[in-house]
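What follows is a set of notes on a single structure, which appears directly below.
The values are calculated or read from the model by the stated rules, or taken from the named source; none is laboratory data. The structure displayed is predicted, hence computed values, not measured ones. Reconstructed Cβ throughout: ideal geometry from the backbone, glycine too, with neighbour counts over all protein chains shown.
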């Protein structure tokens, strides 16, 4: 396991970067695996499981958590995943293109060593890696010409097909493979139907939740609909896509010198040479090239030849928001490229060995350096010792503080997911939400601002019996409480990053500020962003949350302290007697509207708030937003530099209000949570 050697040699579990959230303790690992298998998840105050699964790997991980340490289980999962991925790539090369075993194994190695695998490994997307490992197996089975035992072939094909559901995006690629197998007459329509039917018992639990909830105004896809400003950032520049790299967080690029990145061009060049050589396998070569081309056109997204088509699909079709990170489809591109390249290597052995050596040079340094990007989760022994001090705690919830993600050591420039998100302490289960809102968000916001006196009673109402302070950790949360900051006239601003309506600004020479769009009026500047019609023109009768709209209507940020910002489906489906709305106008005031008047809302209204009071509270006096303009000096996909001209000194206000009346209580007084350090 050459690729994983530096990671396996370390006795820690990666943490505090991107989505690495593998629990360091056995109890947390059991809770995480049980969460995937359960119909109800304990996040926050609990909710139905949107993505349930019956894949046996989760049962196996749960069982292993009783026998092995969490680190050992993670090592085992990764070793098996990479072994299967390499084996699957080798099987595809041998069965589809007749590549001899030695070159087939080299092909499988480079499939699992490529930039996309590095990016997903650093990001902690272990389920993606498992889906990648299954993909070449299904490709080999679906496209192979000779089938000796049809029943066995159907069962194996269905198993490989079903396993790709471990990550919905990979399942979509498997469906594409099946469709093209029928179009290119490698399989019949009956074959495809039988594969799907045999796999259905495993697929059904994972598909029912998203299909039932992915309605236009409800469900996870509606909550996370990809807006075009986000998709522009996710679209891979065409040359980088040809090289198989270009993940928006640039992990491979961080780990590899600039000129070595372009050595990856050897792989698609070898693939093109192979297409010119193929004779007997020309049909399968054309199919692999078609799959790679479709993947490349998709990954380039709004930067590629089909930008107009993708803009339309992402704006109008909810289901396409499954591919919120377009780079995910590069797995199919890279698979097609390395398979064809392996065929060229076997026919040009001297050149093949030379290219393979260069390929190692372009990939191995990144794998050996990857652990340098990681933080490391606390040791299981530390969790156990803390648990000994918590034996007297009653049943309830524990807050691992800091509790707002991303978080990490204060001396690191970035943070990530919480490795203790699922770890219980004694009889107390963690009160965790990936994106907290409502009462929990209000309490955490108060605590983050240092107002523990007000926050602790609210947390106690949510059943919190203990707060575990983790010294040395800090939160890097977007939108964390931030007071108004003075902005001198003609201050230079730099937009460091943008994802939908959430933006990271730096007011130079001050330090970066993480937060929402500033209160200054940016609606008239020559905007370089490609905004989604979802952002700016919601359908008539549709009500959407206000927080992505700070850049359109600054007014919505100042609708008074009685407002609450939340997800569109939560607010629209709620039973609040009153709603706070503002039309699409920076000068129009917010107003309270009774629920009974929902059908009479003006078109394009912005739904801002909901409350439970019988009568709405008076609207507070809004701070006056400083009107300003921006002259753009440099614009790129992930960076904008320019001058902010306000004409006068002003205040930059980052605003996120929560309704203080959202109180859940059984009527019994609860004690103040205990503090553990």
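List of remarks:
- For residue 452, the conditions (1) at pLDDT below 75; (2) more than 28 Å from the chain's Cα centre (by Cα); (3) closer than 30 Å to residue 396 by Cα all hold with the exception of (1).
- Taken over segment 273-306, residues that are without any contact (Cβ under 8 Å) to a residue 24 or more places away in the chain, under 23 Å from residue 246 (Cβ atoms) and in a helix (DSSP H, G or I) amount to 2.
- On inspection, residue 93 qualifies as at pLDDT 95 or above, closer than 22 Å to residue 289 by Cβ and over 21 Å from the mean Cα position of the chain (by Cα).
- No other residue among 179, 170, 183, 175 is crowded, with 17+ Cβ neighbours inside 10 Å and within 33 Å of the chain's Cα centre (by Cα) apart from 170.
- Where a residue in segment 175-195 is in the same structural domain as residue 329 (by TED's automatic domain parsing) and under 18 Å from residue 134 (Cα atoms) and its partner, wherever it lies, is modelled with pLDDT under 95 and in a loop (DSSP other than H, G, I, E, B), with Cβ under 6 Å and at least six apart: 181/187
- Among the residues of segment 152-162, none qualifies, meaning not one is out of contact with any helix residue (DSSP H, G or I) (no Cβ under 8 Å at 6 or more places or on another chain), at pLDDT 95 or above and surrounded by fewer than 23 Cβ atoms within 10 Å (Cβ to Cβ).
- Considering the conditions (1) crowded, with 20+ Cβ neighbours inside 10 Å; (2) touching a residue at least 24 places away in the same chain (Cβ under 8 Å); (3) more than 20 Å from residue 55 (Cβ to Cβ), residue 145 is excluded by exactly one of them, (1).
- Every residue from segment 398-429 that is in a strand (DSSP E or B) and either crowded, with 23+ Cβ neighbours inside 10 Å or free of Cβ contacts under 8 Å to residues at least 24 places away in the same chain (or both): 398, 399, 407, 408, 416, 425, 428
- Residue match in segment 331-347 (condition: touching a helix residue (DSSP H, G or I) at 6+ places or on another chain (Cβ under 9 Å) and in a loop (DSSP other than H, G, I, E, B)): no
- Screening residue 79 with (1) buried (at least 19 other Cβ atoms within 10 Å of the Cβ); (2) within 24 Å of residue 202 (Cβ to Cβ); (3) at pLDDT 95 or above gives one miss only, at (1).
- So residue 249, is it part of a loop (DSSP other than H, G, I, E, B) and closer than 23 Å to residue 321 by Cα: yes
- Candidate set: segment 336-359, residues that are touching a residue at least 40 places away in the same chain (Cβ under 8 Å) and farther than 15 Å from residue 275 by Cα; chosen: the one surrounded by the fewest Cβ atoms within 10 Å (Cβ to Cβ): 358
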